[in-house]
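The values are calculated or read from the model by the stated rules, or taken from the named source; none is laboratory data. Owing to the predicted nature of the structure, the values given are computational and were not obtained by experimental measurement. We place every Cβ from the backbone using ideal geometry, glycine too, and count neighbours over all the protein chains shown. Surface areas here come from the heavy atoms of the whole protein model, side chains and all, with no ligands, DNA or RNA. Shrake-Rupley method; radii C 1.70, N 1.55, O 1.52, S 1.80 Å.
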Amino acid sequence: MAELDRGKPAAFAAIPIPLAYVIAALPPLFWAGNFLIARMMRDDIPPIQMSFWRWVLALAIMLPFAWSSLRLDRSRLREEWLFLALLGAIGVTAFNCFIYTALHHTTVINAALVNSLLPIVTIILAWVLLGERIFPLRALGITVSLLGAVLVIARGNLLALADLEVGRGDILVVLGMSFWALYMILVRRRPLGLKPLSLLGATTVFGIAFHLPFVLVETTASGIFVPTLHSLPALIYFAIFPSILAYVFWNRSIATLGPATTGMFMHLLPIFSAILAAALLGERLAWYHLFAFIVIVGGILLATRRPSAAPQLNHQKR
């Protein structure tokens, strides 16, 4: 999780530019690993409990580091608790539960490609919620990228869209990604002035709380999941790499490269995911995956070429 800034995060010192490029490439790698391991463990850990335990462990690990920030920001946290609860429900609970459920029904490659539409969904929500203009070139880019996503969901056969069962997992990815885009828009609309670790810690606490009723419902169908020696390494990976380290590295790269340049590194997510899934899960990289990737990235490049007066968005994940 991370804030959507218009500038550079003050809490992170700038680093040498060559190192910033390396660091900016690590979060997409960690998020690709998140998709891969979630897919690998789908028969061992129910999706809602997978998300729940990920964030419980992440909170336990980050709390010693975040405690001083939380104490300094405690008055502001009390003032904004309701809004922070909303952010936790959207950015921690809804987003992750949808993504992990989706990976029970779709491949890592498909999920990563559809998830790469995040910048487009953010632009659309900014138009709907903030009234930001969608210029003709941006509209063209949105259309092109959506066509690429539709191609992935249809598995390369547009006639298959008539079958309601086709692309169920991919649709869940779209829903989860939309919640994350909404989280980013809300943070941008109402900057809280919190330290990064305070925001992460507070929204994580609320997110864990909102998981509880869904965990109870899931246990009635799937039973209670108890971490074992087999599943614990996966949960530790979820807690450390895509949850904490990706957040820190992403913001450190923003401090040097800026949000627009750093955001472009998200295009590495489907590439890393395809390589990992093909190597470790034996997933097949079809022609439409490659074609859709080119189409989606091309559409994003068109959509983000806006007039200098238009605001920039910092696109981040999960």
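Which residues, counting only those in region 220-234, are open to solvent by less than 30 Å² (accessible area, probe 1.4 Å) and either in contact with a strand residue (DSSP E or B) (Cβ under 8 Å, 6 or more places away or on another chain) or at negative phi (or both)?
PHE225, SER231, ALA234 - these are the residues of region 220-234 that are open to solvent by less than 30 Å² (accessible area, probe 1.4 Å) and either in contact with a strand residue (DSSP E or B) (Cβ under 8 Å, 6 or more places away or on another chain) or at negative phi (or both).
Does THR204 satisfy the condition of being under 21 Å from PHE98 (Cα atoms), more than 24 Å from the chain's Cα centre (by Cα) and in a helix (DSSP H, G or I)?
No: the conditions fail for THR204.
For VAL217, indicate whether it is at pLDDT 95 or above, part of a helix (DSSP H, G or I) and touching a helix residue (DSSP H, G or I) at 6+ places or on another chain (Cβ under 9 Å).
Spelling it out, VAL217 is indeed at pLDDT 95 or above, part of a helix (DSSP H, G or I) and touching a helix residue (DSSP H, G or I) at 6+ places or on another chain (Cβ under 9 Å).
Please determine, by comparing only the residues of region 144-164 that are in a helix (DSSP H, G or I) and modelled with pLDDT under 70, which one is nearest to ILE124 (Cα to Cα).
My answer is ILE153.
Among the residues of region 188-206, what is the count of those that are open to solvent by 10 Å² or more (accessible area, probe 1.4 Å) and either among the β-branched types (Val, Ile, Thr) or at positive phi (or both)?
2
For region 104-113, does any single residue satisfy the condition of being within 14 Å of LEU182 (Cβ to Cβ) and touching a helix residue (DSSP H, G or I) at 6+ places or on another chain (Cβ under 8 Å)?
no
May I ask you to say which residue of GLY131, GLY167, GLY193, GLY141 is under 24 Å from TYR100 (Cβ atoms), over 19 Å from the mean Cα position of the chain (by Cα) and modelled with pLDDT under 85?
GLY167
If you check every pair at least six apart or on different chains, which have Cβ atoms under 8 Å apart with a residue in region 92-114 that is small (Gly, Ala, Ser) first and a residue that is not in a helix (DSSP H, G or I) second?
Here the result reads ALA111/LEU103, each pair linking region 92-114 to a residue that is not in a helix (DSSP H, G or I).
Which of the residues that make up region 53-62 are open to solvent by less than 30 Å² (accessible area, probe 1.4 Å) and touching a Phe, Trp or Tyr at 6+ places or on another chain (Cβ under 8 Å)?
Passing the criteria: ARG54, ALA58.
Restricting region 22-48 to residues that are of a type outside the set (Val, Ile, Thr) and more than 19 Å from PHE241 (Cβ to Cβ), which is least open to solvent (accessible area, probe 1.4 Å)?
Per the criteria, the residue is PRO46.
Collect the residues in region 95-122 that are assigned to a helix (DSSP H, G or I), open to solvent by less than 10 Å² (accessible area, probe 1.4 Å) and hydrophobic (A, V, I, L, M, F, W, C), keeping them in residue-number order.
Of everything in region 95-122, those that are assigned to a helix (DSSP H, G or I), open to solvent by less than 10 Å² (accessible area, probe 1.4 Å) and hydrophobic (A, V, I, L, M, F, W, C) turn out to be PHE95, ILE99, ALA102, VAL108, ILE109, ALA111, ALA112, LEU113, VAL114, LEU118, ILE120.
For region 52-74, give me each residue that is under 16 Å from VAL226 (Cβ atoms) and among the polar types (S, T, N, Q).
none
Based on what the data block shows, is ILE254 more than 25 Å from LEU199 (Cα to Cα) and either open to solvent by less than 30 Å² (accessible area, probe 1.4 Å) or assigned to a loop (DSSP other than H, G, I, E, B) (or both)?
no
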